[in-house]
Each structure stands twice: as structure tokens, then as C-alpha cells.
Amino acid sequence: MKAYPEGLFFASPRIRGIGISILGIFFLLAAYLWHMQVLNGAEYLNMARRNRVRLVRRPAPRGVIYDRQGDLLVDNRRSFDVEVIPEDVEDMERVEECLSEVLGIDQERVRERIGGQRAFTYLPVTVESDVTIEKALAIEERQPMLAGVQVGVYPRRRYIHATSAAHLLGCLGMINPEELEQLRSQGYTPQDLIGKAGVEKSYERFLAGRAGGQGIQVDNRGYLDKVLYRQEPEQGCALHLTLDLKTQRAAEAALGEGGGAVVALDPRNGEVLAMASGPAYDPNAFVPPVDNEIVNDLMSREDHPLINRAIQGLYPPGSTFKPIVALAALEHGAVQQNTTFECTGLFTLGRHSYKCWREGGHHRVNIVDALMFSCNVFFYNTGLHTGRDAIARMACAFGVDELSGIDLPGEKAGVVPTEEWLKGMRIERWNPGDTVVMAIGQGYVLLTPLRQAMIMAAIANGGRIYRPRVVKQVDSPLGDIVEREEPQLIREIPLREKDLQLVREGLGKVVSSNFGTGQKARLEGVAIAGKTGTVQVGPEGKRRNHAWFIGYAPHDDPRIVVAVLLEGKESGGFFAAPAARKIFAAYFGVNPEDKPHVAAGSGTPHPPQERRI
């Protein structure tokens, strides 16, 4: 045998070093494999299994909403949504073709919908919402060749009476980044809908419920292997409103198709019996799948149908402000029960003349008759004798410049030209003519229809102002009471009873007398008190009138207060008063077409061509 020289394979230190390095690398690899497969094999096996687990979130049905009689206003329906999990799709081309065929959607649109939401490929992407049961079954039948495609069953909001009480109930919308930042800790996700207006927004914390879900294991092709666990979603709480559906429908019918608002309150506790705003809208339009054309039209219309005019519309009160002026004047001592002023139809202050609404005037009238006739000249004089500050103090006592605290979002406070307000607006000069105009509810004074109803409620109940509320009770899904709203007295206005009696007498004659401007609100068997008003708004050349009526009934035991504002109507007496009559009739169950009995000697009505203020 041939002998090899010693050191042939390790002829030099360099070669020996390379050999040792190679052997070391092999040893390290072997040690790492042993560490992974032997020492930590079980852990890595579990990790691999976890990669096959999907968390499928199931949104909770929102709480249902009832009126005060238990009639259902808002509930949920079942919706089938076709979804794709891009990570689990084997053949995207085949999936797009199949979905295009079944859903009747162009394949390019299917591709755009999937591709436009693929930031997280492991999350479901909605291709089509609210598909028919037939299409949902067709997808399920093709499931063996549609890995990564699923049909989700989700609750969808349903507003049963469409436009009825829409502004009070509100609507839903996709959560925005700011809202998500605030609500993420409560379990909200970017895919959630939340309340955007009305009670849907103000009672979101009760209505939302708690989302559930299930953990599922899928195979290497994305098909369902088994359900690992399941947590059922918890439905949101039910709301029982103070709203009376019968009165609400009458309010909406009285409002008609035009702009305006109606508010009906219980003066004994502040409960909202009806709230309507026009033009109305259907909150179902905001429930997915959303028709963008319809929504964009609602949001861009010049008549602003999404604004709740009952709590967000600020209007001059016109002659409906006269009861506040009368109370201020009586308290201030500017006028008394027997104080009279001569009305010739014209009032002169310096070089300026101010007209009464009735040509020729009302002759000599006292405070009760002035309210009945709505005599401007009487209140021009009364305003000057009383002064701006005293009138403003009384208006503020009734809360005109405050938020009412109603449990609805977006309310606006009214405007009273106090000294502080004038300074804030940088109005340095107040003229006597400004007081004259203020005394008949024009000028700077602005308020909402809700505040008008609250003012009349306080006159009816003796000066008590209650926080208005639209939710009476919150119940859990099991029927337990979660929260019950009790009447909340905000303040009592220290009005003298004799002053209130004079003003109430005048308000009663507004409706009951044939000389009253509100006689068209008269209702058979129900004694109604109230006040009409007509205001001019808008710049010169584009002015139009708004019509008011605010009133309560029965006169001797008030149970309901109604405030009606009709935009663009010529007269409160001819338009708003008969609208209010329909609402009173619905509440008391009286036929509004029945002609009320008029006592003999009650007088002759003013000619119909005369404009009622």
C-alpha cells in the first residue's frame, strides 16, 4: 500500500482553518435544527396552527326603539353580505368571474371592490351588501370552488315608518377616524356604523350592544376546517320614547311638504310628545348599501332636510314674544290690568312711524285685549315704558338664551339682546326704535321652536321650566330597567299669579273669541289658549314670512303644549293656527273637522283679507 506523506490533508494552517470553520458551521446548523424540532417543536407547531385560525367578528344588533305606547319605531332586519378574504383565495380570476355571474356585477367592478380594500388581506372585503336570499344560496352552492369567499349574515337598521320622526330618531353612518380614536377602547372597529344624529347618536352607548364573533380554523386552501369557539353578540338596549306616534303623525301632516317645525310637550314634566322638522328625509337612505346619489342629494340640497329645525332653527318669534313682554311690563310696573293705549293703526317715534297690522287700529285696548288682537301699537308703547333690560331679563328667565338640555345632539341656544350680548357683538348703540321692534318679537331676538314650546309650557304650568326629554326609559335585552328618566325641574320663574292670570286670559281669548287672531285653532270640546305670530325674514327684495302658533290645552288643566312654525307662510292665524288644531285634535281624539260651538255675543271675526299677526 502506498504511503502518504504526513500532513498531506493539512498542508498549511490556512487549509486547516477553513476545514475547521466548515465543520463548525455544520455543527451549528445541526444544533439549531435540534433546538427547533426537539426542544421547541411543540411551540412552533402551535404557532403554525394559529396561523390557520381566523377571528370572524359578528356585529351586534342595535337596540330597538318604541314610542310611549309600545309601538315599534326602529328595529333590525337580516342582511346577506358577500365577502372575500383575499389571503385565502386560490384563483382570484375564477372568483371574480363567478361572483360577477352570480351577483350580476361587471367583473371589473368586482375586481375594483376587492382590490380597493386589500390593505389587510386577511380581513373580509365586502363585494356586495344586502344581496337576495337566492344569490346568497347560489354562492353557498358554489362554495367548493370559491375558497376565500363567504356569505356573512349581519343585522341592518330598519326605520319602520321611513320619514316619520326622522330628525328625532336620527340615522347611522360609518365611524370616522376621530370617532374611532375616542371609541376604540370600547371595541369599535373601522368597519362599524355608529349613530350620527338624533337618539341614535345621543344614546349610542345603550343602543350599540356588544359585538361577538367566532374563532375558526381553516385548511391550507382557506376552507373552513372547524369552529374553535363562539361568542354570541349582545343586542343593544331598547329605548322607550316619550313620543306619541298618533300625535307625531298629526304633527307631520300639519307641517306638510314645506319647511318648518312642530314641537309638542307635556307641560307637567317636559316630555316631548311630538317633534317634526320639514323637509323630512328617510334615515333608511344611510343604511348600507348606501346609494351615494341619494345621500349626496340630501347633503347638498338648499332646503337642508338633514337639519332638525325644531332644535337647530333660530327664528324671530314675532308676536308670539308678546306674552313675555306683557309679563315683563306687569312685573316692572310699566302697565297694569287697567292700563290702556289708543291704537289708531300707527305709532310715531321721532321721525319714524311703526304700523299696527290692522289698518285703522284697534282703538283703546288693555293688556288682555292687546294679546287677543295682537295689537302692535299697544306693545310698542308697552315696550318703551318697560325698557330693553327688563324685557331681556324676563326672556332670559324663560331661558331663551340657553340650551334646554334636551337629550338630542346639536341643539342651538337662542339670542336675547342683553347688554353683555351687545358688547360681544360690538353693537355700541341701542336706540328707542330697537326697543319698539323688540317688543313685537322682531330685531335681534331669535329662538327655536322647542324653546317656544317651553315658554308656553311655563306660562301654562305656573312658571316651571322642565328639561325636555325624548327618552322615557332604557331596557336591557332581557327587559330589565337600565335607566329611567325622571322629570327634571330646571328652575321656577318667580311670576306673580295675578300677572299670569291676565296673560292666560288674553291667550285664551286669542282662540276662543271671534276677535282673536288664533280662532282657527278652535277645537270642539277642548279649550285652547295660544298666540299667533307672523314675521318677515330675509333681505329687502327677497323677504318672506314665517307663520307661528304656540298654545296649550286644556286651558284650565294644561296637558299638552304645541308650537308650530311654517316657513314661507303668510300668516300665523290663517296657516299655523289650523295646523295646531289638527295636532290638538289627534292628541285629544277629536275630529278636527267638527265645528266648535261659539258662544253668543262673542263677536264677528275680522275680514279674511286682513293679515293676522
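Every number here is computed from the coordinates shown, using simple stated rules; none is lab data. Values in this document were obtained by computation on a predicted structure and should not be read as measured data. So basically every Cβ, Gly included, is an ideal-geometry build from the backbone, and we count neighbours across all protein chains shown.
Report the gain in length on full extension from Ala285 to Glu141: 0.36 nm times residue separation, minus Cα-Cα distance, nm rounded to one decimal.
Working: separation 144, 0.36 × 144 = 51.84 nm, distance 3.15 nm.
Contour length minus Cα-Cα distance gives 48.7 nm.
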Efficiency of FRET between Glu108 and Gln217 - r from beta-carbon atoms, R0 51 angstrom, step 0.05: 0.90
Paired Rg and Dmax values of region 54-241, which use every Cα atom, in angstrom: 18.2, 55
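Residue separation times 0.36 nm, minus the C-alpha to C-alpha distance between Asp297 and Trp430: what's the value? Show your work: numbers first, answer last.
Details: separation 133, 0.36 × 133 = 47.88 nm, distance 4.32 nm.
Taking 0.36 nm per residue and subtracting the Cα distance, the gain is 43.6 nm.
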Phi angles of region 238-244, converted by Karplus (6.51 cos²θ - 1.76 cosθ + 1.60, θ = phi - 60°) into ³J(HN,Hα) in whole Hz with x for Gly and Pro, give 8, 9, 10, 7, 7, 4, 9
Compute the length gained on full extension between Arg364 and Glu97: take 0.36 nm times their separation in residues and subtract their Cα-Cα distance, giving the result in nm to one decimal. 87.5 nm
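Considering only DSSP beta bridges whose two residues both sit in the chain, what percent are antiparallel, to the nearest 5? Please report the intermediate quantities before stating the final value.
Details: 82 of 85 bridges.
Percentage antiparallel, nearest 5: 95.
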For a label point 7 angstrom out from the Cα of Lys412 toward its Cβ, which stretches of region 286-330 have the backbone nitrogen within less than 12 Å? 307-316
Among Gly589, His240, Tyr354, the residue whose Cα sits farthest towards the positive end of the charge dipole of the chain (+1 at Cβ of Lys and Arg, -1 at Cβ of Asp and Glu, taken about the Cα centre) is Tyr354
Would you work out the relative contact order for region 54-241, in percent, from Cα pairs under 8 angstrom that are 6 or more residues apart? 34
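If you average the sequence gap of Cα pairs under 8 Å that are 6 or more apart and divide by the length of the chain, what percent do you get for the contact order? Intermediate values should be presented prior to the final figure.
Numbers: 1310 pairs, mean separation 81.2, N = 613.
Normalised by residue count, the contact order of the chain is 13 percent.
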In nm, give the distance between the simple-model label positions of Glu234 and Ile20, each being 7 Å from the Cα along the Cα-to-Cβ direction. 6.8
Could you list the residues of region 81-110 with an amide nitrogen less than 14 Å from a label point located 7 Å from the Cα of Glu134 in the Cα-to-C-beta direction? 102-104
Might you report the magnitude of the Cβ-based charge dipole of region 262-407 about its Cα centre, with Lys and Arg at +1 and Asp and Glu at -1, to the nearest 20 debye? 920
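For the peptides 94-105, 382-393, 543-554, what is the packing order when you average, over each peptide's residues, the other Cβ atoms within 10 Å and list the highest mean first? Intermediate values should be presented prior to the final figure.
Details: 94-105: 17.6, 382-393: 20.5, 543-554: 24.4.
Those peptides, ordered most packed to least, come out 543-554, 382-393, 94-105.
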On C-alpha positions alone, give me the angle between the axis of helix 376-386 and the longest principal axis of the chain, in degrees, nearest 10. 80
Report the antiparallel proportion of the DSSP beta bridges in region 54-241 as a percent, rounded to a multiple of 5. 95
Dipole of region 54-241 (Lys/Arg Cβ +1, Asp/Glu Cβ -1, origin at the Cα centre): which of Val110, Leu228, Gly148 lies farthest to the positive side? Leu228
Place a point 7 Å from the Cα of Arg491 in the direction of its beta carbon; the residues of region 375-389 whose amide N falls under 16 Å from it are 389
Applied in sequence order to region 514-522, the curve 6.51 cos²θ - 1.76 cosθ + 1.60 (Karplus, θ = phi - 60°) yields integer Hz couplings, x standing for Gly and Pro, of 6, 9, x, 6, x, 4, 6, 8, 4
Distant-in-sequence amide H partners of Glu128 (H built 1.01 Å from N, under 5 Å): Val82
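Using packing as a proxy for protection, rank 106-112, 142-148 so that the peptide with the highest average count of other Cβ atoms within 10 Å comes first. Walk me through the numbers before you get to the answer.
Working: 106-112: 14.3, 142-148: 16.0.
Going from most to least packed, we get 142-148, 106-112.
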Ranking Met174, Phe80, Leu306 by how far each Cα lies towards the positive end of the charge dipole of the chain (+1 on Lys and Arg Cβ, -1 on Asp and Glu Cβ), the top one is Leu306
In debye to the nearest 20, how big a dipole does the chain give about its Cα centre with +1 on each Lys and Arg Cβ and -1 on each Asp and Glu Cβ? 1220
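Would you compute, from DSSP H runs of 4+ residues alone, the mean residue ellipticity of the chain at 222 nm, taking -39500 (n - 2.57) per run and dividing by the full residue count, rounded to the nearest 500? Could you put the intermediate results ahead of the total?
On the way: 21 runs with 199 residues, N = 613.
Dividing the helical sum by the residues of the chain leaves -9500 deg cm²/dmol.
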Label corresponding to Kirkwood radius over Cα pairs in Å when calculated from the structure given, among (1) 31.8; (2) 25.6; (3) 28.8: (3)
Each label point is 7 Å from the Cα along the Cα-to-Cβ direction; what then is the distance between the points at Arg544 and His352, in nm? 2.7
